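Remarks on the structure that follows.
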Amino acid sequence: MRPVTSPKRLLLDLTPLDTPSGPRGIGRYIRELAIGLSELPEDELAGIEILGLTSLSWTGGYQVTRDIAAFRGGAQAAAPTETEFYHWAYRQRIALWRAAKRVGADAVHICDPHATPLFLGLAGCKKIVTCHDLVPTKFPDRYFGVRDGGAFVGKRIERRRYQSADLVVAISDATRDDAISLLGVPPRRIVRVYNGIDVSWWSRPPGLSAGATLDRFHLAGRPFVLYVGGSDWRKNPEGMMSGLVRARQRGLDLVLAWAGHLQTEHIEAVEKQARRFGVSEAVERLGYVSDDELAVLYRAARAHLLVSRCEGFGLTVVEAMASSCPVVTTHAGSLAEVAGDAALLVDAEDEVAIADALVRVCREPDVRAELIRRGLERAPLFSRAAQARAMARTYRAFFNLGGEARSS
């Protein structure tokens, strides 16, 4: 008789959903991955038991769940502060190894890399880390603050974070290449697995009334382009506003609708920039919007505008494509990789090119229709199911259970 082999136990860290990462891109990544893995046929994860880590105490006390798709966290309701985020990070560093040992985990998948657990080796546990981007390493003076040790220390922490991982999961080829070239991660220990969304959900008609939703956001009857996200330097808010100014000077009565939760100091900065560019009346801050509301906004927008200076992936590009919303984005980071030929690509620093793209997508129906067609064709490449299947192959290869950890 063949000996019965226990399944490999993988601990999927869901605790970032209770941090400021919860309502942001990392939180969406974790939720989509967890749901996708839970929907896979059993044979695709044969030999692997996945437990979701939902809470962790300073002493290593923990709670786990097998129903990884059900845990949503309370980040959106509780609105954790940045200080609480650092408390979470320190707790992960010093206590995760104890929880992993008590759980009997063979590996931990750390989906938010901003806390590098110490002593996992003492628990006999390996470490899989998702690398979303290397923006701080590329622009250290802008993104490594005092709490991060400054640019000098921060860059070394980033290097240790990924070099110490047994496997790094990069969410795009651009991010994978950065990890290899900037941090020296060996190519054999890094695999690219694209992010995924529920393409079918974004593609179907919204459940909310378009008229009522647009009225609520003061957008009814106003042509607008939609931006979804934060306001830090890499998001290039001045590029959006200067492009908007030039487009309006060419006769477009266009509004920038800005969806996303912003902290008070960021709101003040956005309002200051809008005043400086003379577009205060043409910038509508919508605050945090639900997915149901966002689905309406994508369909009503003239375009989704994302002119970032650097992105590790760009989830909103895929959401917009699936929602029949034309995309105007940049060549920076992974954005051209994700958008392919289904977007108008511009230089992030070229306000004239940004304005030209806005004018084309608003005034040339053929261009708009072609972008929509291409976007609908391209979006399924980044489905939640495709991401889950790729991660399942990656896990199986990592645990030597067969399959190949190839970029997917």
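For this structure, a couple of remarks:
- 10 Å Cβ shell holding at most 13 others, DSSP loop, GluC sites (Glu not before Pro): longest site-free stretch of the chain: 40-403
- Each part reduced to its alpha carbon centroid, the range 205-269 and the range 114-137 end up 36 Å apart.
- Accessible surface computed residue by residue for the chain, with neighbouring protein chains in place and a 1.4 Å probe, gives 43 Å² per residue.
- Pairs of lysines in the chain (C-alpha under 15 Å apart; 8 or more residues apart or interchain): 7
- Net charge dipole, the chain: roughly 1100 debye, given to the nearest 20, about the Cα centre with Cβ charges of +1 for Lys and Arg and -1 for Asp and Glu.
- Calculated Cα extents along the principal axes in Å (choose from [x] 72, 58, 47; [y] 76, 46, 39; [z] 63, 44, 43), label: [y]
- Of the chymotrypsin sites (Phe, Trp or Tyr not before Pro) found in the range 7-109, those that fall in a DSSP loop while having at most 14 other beta-carbon atoms within 10 Å are 58.
- Note on residue 208: accessible area is roughly 70 Å² with a 1.4 Å probe, heavy atoms of protein only.
- Cα shape, the range 217-293, gyration tensor, a/c 1.5 rule: oblate
- Heavy-atom surface analysis with a 1.4 Å probe gives the chain a carbon and sulfur content of 50 percent of its accessible area.
The values are calculated or read from the model by the stated rules, or taken from the named source; none is laboratory data. From a predicted model like this one, the values you see are computed outputs, not experimental measurements. Note: ideal-geometry Cβ built from the backbone for every residue, glycine included; neighbour counts use all protein chains shown. Quick note on the areas: whole protein, heavy atoms, side chains included, nothing else; ligands and nucleic acids left out. Shrake-Rupley method; radii C 1.70, N 1.55, O 1.52, S 1.80 Å.
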